[in-house]
1. Pairs under 8 Å by beta carbon, first residue touching a residue at least 60 places away in the same chain (Cβ under 8 Å) and more than 15 Å from Asp149 (Cβ to Cβ) in the range 162-190, partner in a helix (DSSP H, G or I) and of a type in the set (A, V, I, L, M), six or more apart or different chains?
2. Restricting attention to the range 121-150, which residues are under 21 Å from Gly238 (Cα atoms) and either aliphatic (A, V, I, L, M) or free of Cβ contacts under 8 Å to residues at least 24 places away in the same chain (or both)?
3. Applying the selection to the range 81-104, what residues are assigned to a helix (DSSP H, G or I) and either more than 14 Å from the chain's Cα centre (by Cα) or closer than 14 Å to Pro207 by Cβ (or both)?
4. Give me a count of the residues in the range 64-96 that are out of contact with any Pro (no Cβ under 7 Å at 6 or more places or on another chain) and either under 18 Å from Glu163 (Cα atoms) or crowded, with 16+ Cβ neighbours inside 10 Å (or both).
5. Which residue, of Leu225, Leu197, Leu236, Leu201, is of a type in the set (A, V, I, L, M), within 19 Å of the chain's Cα centre (by Cα) and over 30 Å from Thr70 (Cβ atoms)?
6. Against the condition within 27 Å of Thr116 (Cα to Cα), of a type in the set (A, V, I, L, M, F, W, C) and touching a Gly at 6+ places or on another chain (Cβ under 8 Å), how does Val127 come out, does it pass?
7. Just name the residue that is nearest to Ile147 (Cα to Cα) out of those in the range 216-226 that are crowded, with 20+ Cβ neighbours inside 10 Å and of a type in the set (A, V, I, L, M, F, W, C).
8. In the range 106-118, what count of residues is obtained for those that are within 28 Å of Val59 (Cβ to Cβ), surrounded by fewer than 17 Cβ atoms within 10 Å (Cβ to Cβ) and either among the aliphatic types (A, V, I, L, M) or within 18 Å of the chain's Cα centre (by Cα) (or both)?
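The values are calculated or read from the model by the stated rules, or taken from the named source; none is laboratory data. This one's a predicted model, so the numbers in the text were calculated from it and none came from an experiment. In this analysis, Cβ positions are derived from the backbone assuming ideal geometry, glycine residues included, and neighbour counts consider all displayed protein chains.
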Amino acid sequence: MTKCGSCGLELPKENGSETERLPCPACGSTTRRFEVSIEETVRVSDHFMLEAQHEGRTVGFRESEREGRTASADDHGDGTISLTLTGTSPQGEEDTASACRVLVRALNGKGDTWNTPVTGTGDVDCVATNATNEKAAALNIQVVRAIVDAEMWQSLAARGILEKVKVEAEKVADLIADALGKKLDPRKIPLPQRPGLVLALDATRLPALAFDPVIDSFRKRHGALVKGSGFRSIWLVGPSESLTKRLDLD
């Protein structure tokens with residue numbers, strides 16, 4: 001919500017600097033006060049996540065330690081984002097099961113009725129059965145890291161911190177596309193297998209990847225990459241249901 005910084009009158013959303021703003025119709029001030037809501041996700045554990053919301057969009061994320069790591073992220077509202085991940089570098093498929101559980105919760109929040117996913121076999125990392133229809137096709141999920149840039153993960157392993165400040169959303173979207181492009185190689189997953197697979201890009205440690213500027217940029221710049229890929233669906237899975245976004249839809 002945007003309000004006048006002087007008199008508190010609620011005002012329509014504006015873009016641009018203070019010198020470009022229209023004066024408040026009540027007091028003539030060009031200062032503004034921006035109010036955001038805080039959404040807290042609490043589970044039965046000592047871990048918590050906080051999401052700052054502005055006009056329905058997540059603009060900030062903070063969490064307590066989760067399995068030896070902590071993440072934070074900010075959307076600066078100018079087309080750039082910042083992200084920080086501290087701790088050890090995730091190894092192998094360490095976060096695969098977690099990503100599958102978040103995806104299933106997100107789908108169930110949209111009306112689906114999947115059971116808790118369990119470990120799959122072959123190209124299927126996780127599988128979930130339908131809780132209300134035993135004859136329905138199972139949800140087969142393959143998980144891949146949303147960013148495969150080795151330099152980023154090596155930096156985390158060596159220094160214990162990965163930090164990017166005010167990075168253009170387009171550049172982050174391009175990193176996601178790079179990871180996805182490797183998985184879309186027919187030599188990785190043959191085309192006949194894809195209709196039965198949900199592809200999940202694991203961003204559970206990098207919530208900034210699921211912020212709207214990044215997702216919007218990905219769809220604009222790389223939408224053709226995912227359309228017609230043959231997968232049942234393609235999702236970017238953040239650490240929470242609200243930060244889990246489908247990529248193969250406009």
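1. These pairs meet every condition: Ala169/Val214.
2. Of everything in the range 121-150, those that are under 21 Å from Gly238 (Cα atoms) and either aliphatic (A, V, I, L, M) or free of Cβ contacts under 8 Å to residues at least 24 places away in the same chain (or both) turn out to be Val124, Val127, Ala128, Leu139, Ile141, Val143, Val144, Ala146, Ile147, Val148, Ala150.
3. Once the filter is applied, which keeps residues that are assigned to a helix (DSSP H, G or I) and either more than 14 Å from the chain's Cα centre (by Cα) or closer than 14 Å to Pro207 by Cβ (or both), the range 81-104 yields Thr96, Ala97, Ser98, Ala99, Arg101, Val102, Val104.
4. Qualifying residue count for the region: 21.
5. Among Leu225, Leu197, Leu236, Leu201, only Leu225 is of a type in the set (A, V, I, L, M), within 19 Å of the chain's Cα centre (by Cα) and over 30 Å from Thr70 (Cβ atoms).
6. The answer is yes for Val127.
7. Among those residues, the one meeting the criterion is Phe218.
8. Looking only at that region, the number is 3.
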